[in-house]
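Visitor: What follows is a structure written as C-alpha cells; I'll ask about it next.
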Amino acid sequence: MRHSFITLCRINPEITATGKLNVPLVLPLQTDGYSCVPRCVKMIFNYVESNFEGRAPNLDVSDIAEIIETKADGTLPENIRNLNDDKRVLKAIPSIEFDVDLKPHSLAEVEKEIDEKRPVIVWVELSNGVHRCAHAVVVSGLDRDKHLIYYNDPIFGEKEEEIGSFMSRWEKLDRILIKVKIGKRRMLDEFFEEEAKES
C-alpha cells in the first residue's frame, strides 16, 4: 500500500484580545450533576468547527455522553479514549484525537498546549463549602503577567481565576489533563476514498 501524506486543513484559530483561545461555550449551561465531561468535549468540537477549515464531528452532548459512557455519577477520564475509535470522530477534518495520559501534568504543559492553539480539558475540585466533587473544564488561556488562567466551565460559563487558586483545585484532582491533537496528518489515499464515497 502506498503511504502518501497531506495536511488537509489550514489552521487559523482565533485568539481574543486577552490572549485566550476562542472556545465557544455549550449552551444552555449545565444544570445536571454529571455532564461536564461530554460538554467539555463538545466545546472542543465547537472550537475545531469555528476555528479550522474542515468539519468537526456532528455529535451533540448526549451522543458524546453515550460514547464516553457518562453515568449519573459522572465520566471516567479514561473513557474519553472511546472517542478516538468512533467513526464520526475519525472522519473529522482536521483530525481530532484525545491524548489521555492519567499521570499528573504541569502548568507548563497547559501553557505549551495553549501556545500551540490547542485547548485542554482538566479536572478541578468543585466545592460549595460543604460538598466537593470532581469537575471538568476547558482551559482556553493563560496570562502569567496577570497571574490568570482562563477557562470555560460547563456550569458557570467563561471564567478567569488566579493561577494559584486554580492550581490548588487542579492539584486536588491529581492534575489530570486531556490533550487534544488537532490536524494530525491523514493518508491521502484514505482522504480520496472517503471523498469518493460521499460524492
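The values are calculated or read from the model by the stated rules, or taken from the named source; none is laboratory data. Treat the numbers as computed from the prediction; the structure is a model and nothing was measured. Counting neighbours? That spans all protein chains shown, and the Cβs are built from the backbone with ideal geometry, glycine included.
Visitor: Working only within the range 99-125, note down all residues that are closer than 18 Å to Asn51 by Cα, out of contact with any Ser or Thr (no Cβ under 8 Å at 6 or more places or on another chain), of a type outside the set (Val, Ile, Thr) and touching a residue at least 60 places away in the same chain (Cβ under 8 Å).
Guide: The answer is Glu113, Lys117, Arg118.
Visitor: Quickly run through the range 64-78 and pick out the residues that are closer than 22 Å to Ser95 by Cβ and without any contact (Cβ under 8 Å) to a residue 24 or more places away in the chain.
Guide: Glu66, Ile67
Visitor: Same structure again: Give just the number: which of (1) surrounded by 17 or more Cβ atoms within 10 Å (Cβ to Cβ); (2) more than 30 Å from Asp143 (Cβ to Cβ); (3) among the aromatic types (Phe, Trp, Tyr) does Tyr34 not satisfy?
Guide: So Tyr34 meets the others, but not (1).
Visitor: May I pose another question? What single numbered condition from (1) modelled with pLDDT under 95; (2) under 17 Å from the mean Cα position of the chain (by Cα) fails to hold for Asp189?
Guide: Status for Asp189: all satisfied but (2).
Visitor: To continue, here is another question. Which ones in the range 80-98 are in a loop (DSSP other than H, G, I, E, B) and either free of Cβ contacts under 8 Å to residues at least 12 places away in the same chain or aliphatic (A, V, I, L, M) (or both)?
Guide: If the condition is that a residue be in a loop (DSSP other than H, G, I, E, B) and either free of Cβ contacts under 8 Å to residues at least 12 places away in the same chain or aliphatic (A, V, I, L, M) (or both), then Ala92 is the only one that fits.
Visitor: I'm trying to understand the selection: among the residues of the range 113-147, which are in a helix (DSSP H, G or I) and surrounded by fewer than 14 Cβ atoms within 10 Å (Cβ to Cβ)?
Guide: Of everything in the range 113-147, just one residue is in a helix (DSSP H, G or I) and surrounded by fewer than 14 Cβ atoms within 10 Å (Cβ to Cβ), namely Asp115.
Visitor: Name the single residue that is nearest to the chain's Cα centre (by Cα) among those in the range 1-42 being modelled with pLDDT of 95 or more and under 21 Å from Leu148 (Cα atoms).
Guide: Residue satisfying both the conditions and the ranking: Cys40.
Visitor: Looking at (1) modelled with pLDDT of 95 or more; (2) surrounded by fewer than 18 Cβ atoms within 10 Å (Cβ to Cβ), which is the only condition Ala65 fails?
Guide: So the condition that Ala65 fails would be (2).
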